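Notes follow once the structure below has been shown.
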Amino acid sequence: MRYRHIACLDDLTRPGIGPDCERLYDLVRVPVWHSSGIDIAKSPRDGQRHNLAPGFRADDFLALCGLPQRHWATLRHGLPPAAAQMLRAALPADALVLGADMPPWLTTLLDEAGCDWLSLGISPLDFGGERWFAARSGSPLLQAVLQAAAVPEAELLTHACLRAASVRHRRRSAGAGDDWNGALVWLGQAEEDPALVDSQGRFVRAEAHADALRTAAADRVLLHCPQQPGSRWADHERAVLARLTGQPVPVCDAPLADLLAGDEDLAFIGLNAPALQAAAWFGKPAISLLDAVDSGVLLPAAAVLSEPLWAALLTDAPARAGAVVLPASADTLARLLDAPASTAAAPAMAPAPAPADSALAQALDIERQRVDDLRLEIEGLKEALRVVLRQHAMAVAHA
């Protein structure tokens, strides 16, 4: 066994992300337990049971960070010394820290403390139905294991081609025109997207790249594809684009999948929206005005939710006999997610609306039932794990 403990730790400084983080921990809790016998507990936020040193309280840590008086973005790339010292002192020996979309301040702190870490998230790459996990590690050994399990590029290209074929057939059958031909599409991001925080703790805006934007849009119509259509921020973002380029900027309300996968001659531009990286898979040019955020190695959902990968990450032995291996499915992760989980995602590549006939309604009912069944199965596994842990604790107490 490489580790005696696994502690869940994520961006405690950032409010509102707790449910998404705990969902990730719940998804991998059972395969980690089966492969290593280690209970990963929870993140220490909100007084939850955790595997950091006894007595560590998230509220005390946040107070040392100066929260809530200061904005979380000012801490994105570094903590006050007292807060960093408190967290380093709470790291257990011989531990792996498992985190949901770990921020730079956390990975830097763990590297300096000599503590192995594994950051796990939902990849923002979305080809319409298929979703992947994304993972990265500061340990060369763990990173090599992740690389060995990565989704092959040929498979990603196949998914992109299948999505393109579907979109193009639907648009051709509907007689859709080429109203967007030759346009440049700005891919918006959320107002407080953590991917936009610079080293000084400030959000980068389009104004900082006005010259590059004007050059790119000089001979093209500029369209705006907002991350949150109809929001106050989307209206502000579009007004800024119009002011910087000196041209009207219409809203493009088409599904992002149609823009990326359609036949039209389109180009994309933005700060660092994840869909800018996806454009290359569909043969569309894209300009990222900021460096793209590295979300890590793309992993198949079935691999992350099965035992063998965790056995390779956490132990020096192969997976146990009878290890649970989920069958590969094109929509395993998509069915487990109620909504896109990335906190820094580009506009959702939602499929265009289909006719609401009775056959479609029946198919949707079946899929909803499958999702409900999966949720029940997961809750049952969680309860079974609680029983095992209670029995184990009682056995240890009476030993």
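Read-outs throughout are calculated quantities, based only on the coordinates presented, and are distinct from any laboratory measurement. Since the structure is predicted, the reported quantities are computational estimates derived from the model, not experimental observations. Cβ coordinates were reconstructed from backbone atoms using ideal geometry, including for glycine residues, and neighbour counts include every protein chain displayed.
Annotations for the structure displayed:
- Charge tally in the Cβ shell below 15 Å around THR74, where Lys, Arg are +1 and Asp, Glu are -1, THR74 excluded: +1
- Each Lys or Arg adds one and each Asp or Glu takes one away; over the other residues whose Cβ falls under 14 Å from the Cβ of HIS50, this sums to -1.
- Amide H within-cut-off set for VAL297, under 5 Å, with H built and near neighbours excluded: ALA135, ARG136
- Segment GLU153-ARG243, extension gain: residue separation times 0.36 nm, minus the distance between their alpha carbons: 28.4 nm
- Exposure proxy ranking for GLU22, GLU237, based on other Cβ atoms within 10 angstrom of each Cβ and starting from the fewest, stands as GLU22, GLU237.
- Label zone at ALA267, where the point sits 7 Å out along the Cα-to-Cβ direction: the range 208-225 residues whose backbone N lies under 13 Å: 212-223
- Restricting the range 148-199 to GluC sites (Glu not before Pro) that sit in a DSSP loop and have at most 11 other Cβ atoms within 10 Å of their own Cβ leaves nothing.
- For the range 176-288, DSSP calls about 10 percent of its internal beta bridges antiparallel.
- Order of PHE127, PHE268 under a 10 Å beta carbon neighbour criterion, fewest first: PHE127, PHE268
- Mean shadow area of the range 176-288 over all directions, Cα convex hull, nm²: 6.9 nm²
- Modelled label positions at VAL325 and ARG172, each set 7 Å beyond Cα in the direction of Cβ, lie 3.9 nm from each other.
- Positive contributions from Lys and Arg (+1) and negative ones from Asp and Glu (-1), summed over other residues with Cβ under 14 Å from the Cβ of SER137, come out at -2.
- Placing unit charges on the Cβ atoms of the charged side chains and taking the dipole of the range 105-165 about its Cα centre, the candidate lying farthest along the positive direction among LEU125, VAL145, THR108 is LEU125.
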